[in-house]
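Have a look at the structure below, then the notes.
Read the figures in this text as sums done on the coordinates, not as results from a lab. Just so it is clear, the structure is predicted and the values come from calculations on it, not from any experiment. Glycine also receives a Cβ, built like all others from the backbone with ideal geometry; neighbour counts cover every protein chain displayed.
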Amino acid sequence: MEIGVDSFAAANASNGKDTAKNNRQSIAELLDRMEYADKVGLDVFGVGEHHRKEFLDSAPTIILAAAAARTKRIKLTSAVTVLSAADPVRVFQNFATLDLVSNGRAEMVVGRGSFIESFPLFGYNLEDYDELFAEKLGLLLNIRDNEMVNWSGKFRAPLKDQAIYPRPLQTPLPIWLGVGGTPESFIRAGKLGLPLMVAVIGGETRQFRPLVDLYRKAGKAAGHSDEKLKVGLHSLGYVAETTEKAVADYYPGYAETFTRIGKERGWQPVTPLRFESQRGAYGAYLVGSPEEVAEKILRHSESLGGISRLTFQMDNAGLTHQQLLHSIELIGTRVAPLVNKK
């Protein structure tokens, strides 16, 4: 199983104020963590895409390209590219270029995004949410598979005998489909034969098994091999030397972040009891000691019929740079070997 980390490039604030200097430091520290993840043997590092003050990942391919110059083997991916509000031609060109810069280590996870600020920002109608994504995904896959593109659709000017450059080093460029909880998204990924990245940010991970089964059934019905029908899992997590320290480090920032976001979305209030239920044996969160987290990853994999990739999302909890570095070290040197021991 591949083990990695996803980041939303959270902005660090000083005395309650976000400044250019603080943002510069946040990006510098993120690049240090990406370099360190490569050093300790993690398989993949992903950068999300948001257009909000608290995150600095509005141009993720630039961050990934900077990391490519400082790393040697780790795969570099989006987490996720908000394809509904992007031009698939530019998305492909950006990641094809990243693939060349990184010597064939670029990937992308495409999805509709969990926030909606990109729609008004780029002039799209939220009522076209799914239709936009379906059309743009079709165009992106067309571009990936064909140097010369002929295509027409509803939301973009047609392409007639149009060559798209540059071409990536990898053939094909890996594209995963990021999904939340709708059956249609799982079935779509299966029919297209795309690897699946499931974002589980609450509840019990095993509850997603029927949806994963839908994905595999749709993929096999469409003639895709088991090798193509890979399942990845993106979960909130943090690893420390002991479970007690992991909880003490993680919970305060987690409570602040999810209380703030929860008010936007109408979620139930964050409480220690609810947090512990999410951190329990079948809950979605991977917060604990290396041994506890490794055991839980294997439990999640078994409950979903086997997963190929697991990525931790850690920087939503106000953790310090040093805490994140140490957690990355523990994931690479202790969690991953336990998960993948023969």
Q. Exposure proxy check: Tyr251, Tyr215, Tyr285 ranked by fewest other beta carbons within 10 Å?
A. Tyr251, Tyr285, Tyr215
Q) Amide H of Phe55: which non-local residues (sequence gap of 5 or more, or other chain) have their own amide H closer than 5 Å, using H built in the peptide plane? A) Ala11
**Q.** Inter-label distance for Thr171 and Ala221, nm, one decimal - labels placed 7 Å from Cα along Cα-to-Cβ
**A.** 3.3
Q) Under the rule of -39500 (n - 2.57) per DSSP H run of 4 or more residues, summed and divided by the residues of the chain, what mean residue ellipticity at 222 nm is obtained, to the nearest 500 deg cm²/dmol? A) -13500 deg cm²/dmol
Q: Count neighbours as other Cβ atoms within 10 Å of each site's Cβ, and list the GluC sites (Glu not before Pro) in segment 109-172 that are DSSP loop with at most 15 such neighbours.
A: Glu117, Glu147
Q: Using a Gaussian network model of the chain whose springs link C-alpha atoms within less than 10 Å, name the residue from Gly46, Gly237, Gly306 with the highest mean-square fluctuation.
A: Gly306
Q) What aspartates and glutamates could a cross-link reach from Lys53, if we take a straight Cα to Cα line under 12 Å and drop same-chain neighbours fewer than 8 places away? A) Asp18, Glu117
Q: Using Cα positions and a limit of under 23 Å, work out the lysines in reach of Lys228, with same-chain residues fewer than 8 apart set aside.
A: Lys75, Lys136, Lys191, Lys217, Lys220
Q) Over the chain, what is the relative contact order in whole percent, taking alpha-carbon pairs under 8 Å and six or more residues apart? A) 18
Q: Per residue of segment 180-187, in order, report the coupling 6.51 cos²θ - 1.76 cosθ + 1.60 (Karplus, θ = phi - 60°) as ³J(HN,Hα) in whole Hz, putting x for Gly and Pro.
A: x, x, 9, x, 4, 5, 5, 5
Q) Alpha carbon centre of segment 151-179 versus segment 267-282: separation in Å? A) 41
Q: Tabulate in residue order the Karplus-calculated ³J(HN,Hα) for segment 100-106, using 6.51 cos²θ - 1.76 cosθ + 1.60 with θ = phi - 60°, rounded to whole Hz; enter x for Gly and Pro.
A: 5, 4, 8, 6, x, 10, 8
Q: Provide the per-residue ³J(HN,Hα) series for segment 53-64, in order, calculated from phi with Karplus coefficients 6.51, -1.76, 1.60 and θ = phi - 60°, each as a whole number of Hz, with x at glycine and proline positions.
A: 4, 7, 10, 10, 10, 5, 10, x, 5, 5, 5, 5
Q | aspartates and glutamates with Cα under 12 Å of Lys39, excluding same-chain neighbours fewer than 8 positions away | A | Glu329
Q: Just the number, please: percent antiparallel of the DSSP beta bridges in the chain, rounded to the nearest 5.
A: 15
Q.
Of the listed values [x] 22.5; [y] 20.5; [z] 21.7, identify the label whose number matches Kirkwood radius over Cα pairs in Å calculated from this model.
A. [y]
**Q.** Dipole of the chain, positive direction: furthest Cα of Gly288, Ala66, Leu30, with charges on the beta-carbon
**A.** Ala66
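Rank the residues Ser185, Ser78 as a footprinting-exposure proxy: fewest other Cβ atoms within 10 Å of their Cβ go first.
In order of increasing Cβ crowding within 10 Å: Ser185, Ser78.
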Q: Please work out the C-alpha center-to-center distance from segment 297-317 to segment 224-266 and express it in whole Å.
A: 10
